[in-house]
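So the structure is just underneath, and the comments pick up after that.
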Amino acid sequence: EADIYQTPRYLVIGTGKKITLECSQTMGHDKMYWYQQDPGMELHLIHYSYGVNSTEKGDLSSESTVSRIRTEHFPLTLESARPSHTSQYLCASSVERSGANVLTFGAGSRLTVL
Amino acid sequence: AQSVSQHNHHVILSEAASLELGCNYSYGGTVNLFWYVQYPGQHLQLLLKYFSGDPLVKGIKGFEAEFIKSKFSFNLRKPSVQWSDTAEYFCAVNEGSARQLTFGSGTQLTVLP
């Protein structure tokens, strides 16, 4: 079944550690996204990619980086985690229909930095 | 930059009550409009979408939304809610030429049995 997978679902880590949040999709979508979601707040776009070797920063400034070496894989990396990075990170991919992108979301990775 | 406003942060209803969740956006041009729902412990899922045509769109589980261009609104409605509708609801918009979605801050709906 085509889907979008995120690992880990939950991560508690100490300050200064390097972390990578994995995101993979089996739907063959060209476009992929990372959103940051805090309770009671809107989802903020932090990175997106329209294809292999294409990545852009989103509306919300983030110290994280992303890569897109394969169509199905869009990992997010924090070189040195800080408590301010504590949040939920949602990965999504999309297909274009009638000129608009319809996003499919993963289950999210909830990161806590101590 | 466009923005999306969801004025109700938390709505509490009894089963069988009618629901209307407000969504307003700021962009004046052609827009595509979405409502997403996140049930407890589950992914964000698409509830319904409007691209063009009939401004009254019907989604899954008896939900519908009406696009009123003059009011920059896309309110979500359901005539009779169920306990299983308890979830967080997000309105999202993208401009005609943009590829990213802008989300509202969400409305937590709690339906009491």
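Couple of notes before you dig in:
- Fewest-first sequence of B:77, A:70 by Cβ atoms within 10 Å of each Cβ: A:70, B:77
- Estimated FRET transfer efficiency (residue A:79, residue B:9; beta-carbon r; R0 41 Å; 0.05): 0.75
- The order of B:78, B:71, A:57, going from fewest to most other C-beta atoms within 10 Å of their C-beta, is B:71, A:57, B:78.
- For peptides A:6-14, A:30-38, B:104-112, sequence by mean Cβ density within 10 Å, most packed first: A:30-38, B:104-112, A:6-14
- Partners of residue B:71 within straight-line reach, counting lysines whose Cα lies under 16 Å from its Cα and excluding those fewer than 8 residues away in the same chain: none found.
- Evaluated at q = 0.10, 0.12, 0.18 Å⁻¹: base-10 log I(q)/I(0), Debye formula over Cα of chain A: -0.27, -0.38, -0.86
- Dimensions (Å) - chain B, Cα atoms, principal axes, largest first: 43, 27, 21
- Mean separation of Cα pairs under 8 Å and 6 or more residues apart, divided by the residue count, gives chain B a relative contact order of 38 percent.
- Neighbour net charge for residue B:11 - beta-carbon separation under 11 angstrom, K R +1, D E -1: -3
- With all pairs of separate Cα atoms included, the protein assembly as shown yields a Kirkwood hydrodynamic radius of 18.2 Å.
- Pair residue A:53, residue A:70: separation of 7 Å Cα→Cβ label points (nm): 1.8
- Per-residue Cβ neighbour rank within 10 angstrom, fewest leading, A:80, A:94, B:5: A:80, B:5, A:94
Readers should treat all values here as calculations from the given coordinates under stated rules, not as data from a laboratory. What you see is a predicted model; the values in this text were computed from it and never measured. Ideal geometry is used to build each Cβ from the backbone, glycine not excepted, and the neighbour counts take in all protein chains shown.
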